[in-house]
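To keep things clear, I will list the structure first and then write my remarks on it.
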Amino acid sequence: MTGFDSGKQPCAWKEGSAVPSDHQPHPVSFSASEQDLPRKVLSGLKIGVYVTNDREQIIAVNPRGEKLLGRSESAMIGRNAHDLLHRAEGGALLPRSQCPLMKAFLQGQSAYGGNKWFLRGDGALLPVIWLTAPYRINRDTTGALVLFHPRDPRGDPSSEEVPVDQVTTLTDLADSLSLIAEVTSVLTSTLQVREALWLLARQVTPRLADWVVIDLLNEIGELERALVVHHENGRHIRREEMQGPLPPVSETSLMPLSRVLRGASTTRVSLRDYQRPPDTGLAMAQRTLFERTRIHAAITAPLRGPRGAILGALTLGRADQLHDFTSTELALVDDLARQAGLAIDNARLYERQQRVTETMQRYLLSPLPETVLVKMAVRYHPAPDASHVGGDWYDAFRLQDGTPALVIGDVAGHDLQAASHMAQIRNMLRALAWDRDEPPSSIVSRLDHALGHISEVSMATMVFARLEEDGSEGRRVLRWTNAGHLPPLLVLRDGQARFLDEHHDLLLGAETDIPRTDSAVELPVASTVVFYTDGLIESTRHGLDEGMAQLRQHAAELVHHELDDFCDLLIERVRPEDNDDDVAVIVIRVPESPVIPPSRPSSHTP
């Protein structure tokens, strides 16, 4: 926290002065919409606040600010703050070059002052003490936060001096608001619980404490010490040896952590609380924590979900920082814990969706059919982020005449809905392919026509292929149609490789009457064909052409490996580290000798 040592001699600061560097409020950073988050953070304050964007336009005013200014928020939103409010003595409109608030805004600095009047809605002038601090709207844009409260109108109106205690109050408040906003911003930047906890710890240390301890209750009530972080020598160090399962929460223990985990309010904690005989295993674990960390003062706050359920506890401790927590900091930690609880609940909900989506998709991805024509291998790697799960898929099945069919595709969207749409396409394609003995292009054309009438799928890409055998000569022929998907890759025994891009039709859902086309290629002995989705090659660091070139190069180098090893090594070498999409791959290889199907176990019971 910023603030002033009460032991220092009082002093007076000048109008428009910059806040000393060791007391500068941190720039506030809002990741939500320009209006919603400031209103949420500022609505409960007993001091006037308005927020502007980078064009000096007011984007939020708290209720206390509305009352002091005699104007509704709706009447101020979008108005230029300087033109609307800033006045000199007597009500004259100041030129921007003479307005200390505008100087600070244009220089992106924090500043304060007392020789200022704001014009109320009724035409009266409100003498104010004010403080302004910058905040980041996004990575490239900075606005301003202005805090103000009335100053004594009986004082000398020309005085430029501001009492130190009033500036201290405003500075501390601005710093608290910036911390709440920054924590909210980082917590809403991720949907992974562990990452959210780590980001929270980095935000609050060392500004509030040098130790952060987060304990979480899982869905069946088991307690885990999920994160312990210590800030020392300018670094955040995760103390994994202190993390792990904890004893259960007692329903009768009077120790602080147990009480908070049962729903008690945010509370101060000291080493003395755990020097008395522990009444539970959890109290013993907490005593050990305080002894090992040398924490002498702490605050423990409940982490609550949106419906009030207790998800865990946040403990901030001071060992290297010698002073105790203040009442203001107690309230601040309570606000931070509320934001963290909502973020954890949201992340858990998202992770549950990810597990459901992955389970559903894996269930729908088919086992490989038995065939003597080729060897087959498939790989599916889900996206690490739930927001990218569900679009990529493959299928392999036999047609009515026994011919093997292969599909690789990508459905628009990356969520549970995309996985559901994938299931619709998969089932419709299987039914249409089984119904008639037609070329792949005809089957996909009928599928495309049906999608717009009996499914919710908007767009998808697909390669649909069938493996045919020339009975007279034993040749293997791959016949396929491509509906807007990446072309398969053919790799010969000697490492020659080319993409099968002879024809490339429009994707499914394009609503066109243009006829689809078929392509065919003979597959020599020991040749390999790779069907894949864009998650294998797409990267933010290069385009698709470069990704495809890398795929061709590595596939040619690995073609002599056994098929399973070929798949694993190819994905390991080609898939970009920065690609957070899911990956589906089907690989087929023409064997040098006939494939012998695995024997089925006898149904006879001796």
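Counting other Cβ atoms within 10 Å, which trypsin sites (Lys or Arg not before Pro) in region 436-470 have at most 13 and lie in a DSSP loop? Qualifying residues, ordered by number: R436.
When the chain is fully extended, how far beyond the present Cα-Cα distance does R235 get from K46, taking 0.36 nm per residue of separation? Intermediate values should be presented prior to the final figure.
Details: separation 189, 0.36 × 189 = 68.04 nm, distance 3.61 nm.
That pair, R235 and K46, stretches by 64.4 nm at full extension.
Ranked by the mean number of other Cβ atoms within 10 Å of their residues, highest first, the peptides 91-103, 551-563 fall in the order 551-563, 91-103.
The HN-Hα couplings worked out from phi for region 243-249 by the Karplus form 6.51 cos²θ - 1.76 cosθ + 1.60 (θ = phi - 60°) are 8, x, x, 10, x, x, 7 Hz, whole numbers, x standing for Gly and Pro. Protection proxy ranking, highest mean first, for peptides 295-302, 522-529: 295-302, 522-529, where packing is the per-residue count of other beta-carbon atoms within 10 Å, averaged. Annotation for region 461-502 versus region 224-260: alpha-carbon center distance of 57 Å.
Under the 0.36 nm per residue contour assumption, what length would be gained going from the current alpha-carbon distance of R498 and D578 to full extension?
On the way: separation 80, 0.36 × 80 = 28.80 nm, distance 2.59 nm.
Residue separation times 0.36 nm, minus the Cα-Cα distance, leaves 26.2 nm.
Among 325-338, 49-62, sorting by the average number of other beta carbon atoms lying within 10 angstrom of each residue, highest first, gives 49-62, 325-338.
For region 199-213, putting each phi into the Karplus relation 6.51 cos²θ - 1.76 cosθ + 1.60 with θ = phi - 60° gives couplings of 5, 4, 4, 5, 6, 8, 10, x, 5, 10, 7, 10, 10, 10, 10 Hz, in residue order, rounded to whole numbers and with x for Gly and Pro.
Just so you know, all these numbers are worked out from the coordinates, no wet-lab data involved. All figures in this text were calculated on a predicted structure; none of them were measured in a lab. Cβ atoms come from the backbone with ideal geometry, glycine included; neighbour counts cover every protein chain shown.
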